[in-house]
1. Which percent of the accessible area of the chain is formed by carbon and sulfur heavy atoms (probe 1.4 angstrom)?
2. Largest first and to the nearest Å, give the Cα extent of region 89-217 along each principal axis.
3. What shape does region 2-78 have by the C-alpha gyration tensor, where a ≥ b ≥ c are the square roots of the eigenvalues, rounded means a/c under 1.5, and otherwise prolate means a/b greater than b/c and oblate the rest?
4. Could you give log10 I(q)/I(0) at q = 0.26, 0.31 Å⁻¹ for region 50-95, computed by the Debye formula over C-alpha point scatterers of equal weight, without solvent?
5. Exactly which chymotrypsin sites (Phe, Trp or Tyr not before Pro) in region 1-94 are in a DSSP loop and have at most 14 other Cβ atoms within 10 Å?
6. Using 0.36 nm per residue of separation minus the Cα-Cα distance, give me the extension gain between Leu82 and Lys67 in nm, one decimal.
7. Treating the angle as unsigned and between 0 and 90°, give the value, to the nearest 10°, between the Cα long axis of helix 3-17 and the longest Cα principal axis of the chain.
8. Relative to the longest principal axis of the C-alpha atoms of the chain, give the angle of the C-alpha long axis of helix 45-58, reported between 0 and 90° and rounded to the nearest 10°.
Amino acid sequence: MLKKERAAYIAQRLQELYPDQPIPLDHKDPYTLLVAVLLSAQCTDARVNQITPALFELADNPFDMAKQNVEIIRAIIRPCGLSPQKSSAIKRLSEILVEKYNGVVPQSMAALETLPGVGHKTSSVVMSQAFGVPAFAVDTHIHRLAQRWGLTNGKNVVQTEKDLKSLFPKDRWIALHLQIIFYGREYCSARGCDGRVCEICTTCYPRRRNPKIVHKP
């Protein structure tokens with residue numbers, strides 16, 4: 001298959017497998033989604049969903065969170081890892097949202113990326129999932145699968161995002177972000193497939209004899 005043919009097949013197959021794309025992180029509004037995505041860095045969504053009920057019982061809006069002692073936040077989120085950095089970021093971004101945005105999460109990629117602990121991937125997820133703005137957030141799972149499927153050279157997540165955006169129509173970016181993640185977890189995990197096991201890998205590369213070496217971001 002040519003790259004465009006692979007992309008078309010992948011988009012169609014993922015839509016068949018995952019016609020609905022529930023957001024894996026439990027949240028109720030843009031603020032709680034922002035905090036949940038921040039917590040998900042180097043942590044599983046399942047673990048985040050175990051932690052956020054207690055955190056959001058403490059404070060589920062920037063006004064209340066800004067008033068909390070950072071050590072209390074840290075104690076709650078410790079199982080997510082990187083708790084010193086994440087707790088400081090949650091408190092400070094909450095203060096900034098109150099000070100600069102009247103407690104409202106800004107609907108701007110540039111504004112989001114100025115907040116502590118919020119990088120390009122986090123802001124992309126919030127913009128797409130909270131506000132419906134087309135974005136293609138690339139995490140390590142998407143980066144890995146895009147390489148296995150020959151959609152990118154895989155040098156870094158920035159290049160992967162650029163390549164995927166050029167291959168797929170803009171109105172599919174939000175769904176595909178989640179669909180690729182779901183597929184990667186279910187069929188094409190880091191250890192469960194080496195580029196020669198799952199349906200999409202074997203369909204795209206039926207003659208692949210050796211494991212596909214992927215470059216970590």
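The values are calculated or read from the model by the stated rules, or taken from the named source; none is laboratory data. No experiment lies behind these values; they were computed from the predicted model shown. Quick reminder, even Gly has a Cβ in these numbers, built from the backbone with ideal geometry, and neighbours come from all protein chains shown. These area figures cover heavy atoms from the full protein model, side chains too; ligands, DNA and RNA do not enter into them. Shrake-Rupley method; radii C 1.70, N 1.55, O 1.52, S 1.80 Å.
1. Of the solvent-accessible surface of the chain, carbon and sulfur hold 52 percent.
2. 58, 28, 24
3. On the way: a/c = 3.32, a/b = 2.90, b/c = 1.14.
Prolate.
4. -0.90, -1.24
5. For chymotrypsin sites (Phe, Trp or Tyr not before Pro) across region 1-94 that sit outside H, G, I, E and B with at most 14 neighbouring Cβ atoms in 10 Å, the list is empty.
6. 3.3 nm
7. 60 degrees
8. 10 degrees
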